[in-house]
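This report concerns only the one structure given below.
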Amino acid sequence: MTCILTSVKELHIISNGKMPIEQLCEIVMDIHPYVTAIHLREKQKTARELFQAVELLTKTNLSLSKIIINDRVDVALVTKAGGVQLAFHSLDAAIVKGNFPQLKVGSSIHSYVEGQKAKEKGADYMLFGHVFPSQSKPGMTPKGLEELSRITQLEVPVIAIGGITPENTGRVLDAGAKGIAVMSGVLEARDPLLAVKAYLNVLRDGDGTSGKFI
């Protein structure tokens, strides 16, 4: 039996820029019913290549509303994607929200102070990390659960990222996160669908419901 996630807790999958888009599409085809959003974080790709990537993803029956484009507001608008994820070097969140209210705007932050600024700028949610030691951030000190807990007090939804596994997801939810974002934990797993369901079991239990995905 297959179950679709109905929990209010969110699961975001972020592309790692390492695999061919065709391979990403194969994975997305299996996992998209179970996730909140697919982030295209492909820093080396041109606007044209990102546009083509969105076209390929939609052929997997992935809804445009679930696609989040990293940094490139222009691509998000042209493709009619659900939203854009802004970094420190991106356009100001207030400018994007003011001019393109149809886009869901996320801000990537690394501290409480940055979280305050993101809130002031009107970000719809914040992506905070890295919470735990992460292979994508070798040698960098993790921000930790205490800082995550502080940021969740800003009353803007916080999606936690960085070294998050099914085993430590519960601690992230206990700290007040709205959900989690995962890269290698799913995309580099031997069985990405099985990995997604392992995360969902914790996300659903963390939302006060019972039962398991099988």
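The values are calculated or read from the model by the stated rules, or taken from the named source; none is laboratory data. Fair warning: this is a prediction, and the values are worked out from it, not measured in the lab. Cβ placement follows ideal geometry from the backbone for every residue including glycine, while neighbour counts extend to all protein chains displayed. When the accessible area is computed, the model is the full protein with side chains, heavy atoms only, and any ligands, DNA or RNA have been set aside. Shrake-Rupley method; radii C 1.70, N 1.55, O 1.52, S 1.80 Å.
Tabulated data
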| read-out | value |
| --- | --- |
| Per residue, the convex hull volume that the Cα atoms of region 111-197 enclose (Å³) | 95 |
| Where the chain is the region considered: accessible area per residue in Å², 1.4 Å probe | 49 |
| Net charge dipole size for the chain [Lys, Arg +1 and Asp, Glu -1 on Cβ; Debye, nearest 20] | 160 |
| 37 °C / 0.692 mPa s Stokes-Einstein diffusion coefficient of region 49-146, Kirkwood radius on C-alpha pairs, µm²/s | 226 |
| Nearest-10 value in Å² for the accessible area of MET29, using the 1.4 Å probe | 110 |
| Members of LYS66/LYS197; LYS80/LYS119; LYS119/LYS178; LYS43/LYS80; LYS59/LYS178; LYS9/LYS197 lying beyond 22 Å, as alpha-carbon distances in this model show | LYS80/LYS119; LYS59/LYS178 |
| Relative contact order, percent, the chain [alpha-carbon distance under 8 Å, six or more residues apart] | 20 |
| Electrostatic dipole magnitude of region 20-142 [Cβ: Lys, Arg +1; Asp, Glu -1; Cα centre; debye, to 20] | 220 |
| Estimated distance in nm for a label pair at ASN16 and ARG150, the labels positioned 7 Å out from Cα along Cα-to-Cβ | 3.1 |
| Convex hull volume per residue for the chain, taking Cα atoms only, in Å³ | 117 |
| Range in the chain, longest, excluding exposed GluC sites (Glu not before Pro) [loop by DSSP; at most 10 other beta-carbon atoms within 10 Å] | 1-154 |
| Of all accessible heavy-atom area on region 8-61, the percent that carbon and sulfur account for (1.4 Å) | 47 |
| Dipole-positive endmost among LEU193, VAL84, VAL113 within the chain (Cβ charges, Cα centre) | VAL84 |
| Candidate residues ARG41, ARG171: accessible-area rank, largest first, probe 1.4 Å | ARG171, ARG41 |
